[in-house]
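Student: Here's a structure for you.
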Amino acid sequence: MVPAEVTEALSRGREALAVGDWDAARSAFEAALGAAPSALGGLVTEGRRTMAKASRETASEHVASEGFEGHYGEIGPYTVGWETYTADADMTPLFAGLPDDRCQCDNWGYVFEGKVVFH
């Protein structure tokens, strides 16, 4: 759970960006990082911020099934994952019953080889 002071500072930063107030945005985002750097995935060591990191090898959860291998970990409020598909798969049945029968999470990623098709 992200602390309220971090959420509020991030909101102020987004509002400042929306009106082009870059200095206010920077101050708000720095306040968010200073309020709870570990909640946002960063570490503070002697006043310096260090980028959080994760890898397939350091992931805390590993899942494997026919045609699929996944490695997952947490960085602040985000779940990060490395997935490998060796066969075509229709994931539609996994989301049945959710609103609009769709995944409700934001998903960002890169495809390094092959293609991914969403309908």
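The values are calculated or read from the model by the stated rules, or taken from the named source; none is laboratory data. The structure presented is a predicted model; accordingly, all values stated were derived computationally and were not measured. Glycine gets a Cβ as well: all are built from the backbone with ideal geometry, and neighbour counts include every protein chain shown. Only protein heavy atoms, including side chains, enter the accessible area calculation; ligands, DNA and RNA are left aside. Shrake-Rupley method; radii C 1.70, N 1.55, O 1.52, S 1.80 Å.
Student: Could you tell me the accessible area of Asp23 in Å² (1.4 Å probe, neighbours in place), rounded to the nearest ten?
Tutor: Around 120 Å² of this residue is reachable by solvent.
Student: Where Lys and Arg each count +1 and Asp and Glu each count -1, what net charge lies around Ala59 among other residues with Cβ under 15 Å from its Cβ?
Tutor: With Lys, Arg at +1 and Asp, Glu at -1, the net is -3.
Student: Give me the accessible area of Tyr78, 1.4 Å probe, in Å² rounded to the nearest 10.
Tutor: The accessible area comes out at roughly 120 Å².
Student: Once amide H atoms are placed 1.01 Å from N in the peptide plane, what residues at a sequence separation of 5 or more from Gly76, or on another chain, have their amide H within under 5 Å of its amide H?
Tutor: For Gly76, the qualifying residues are Gly41.
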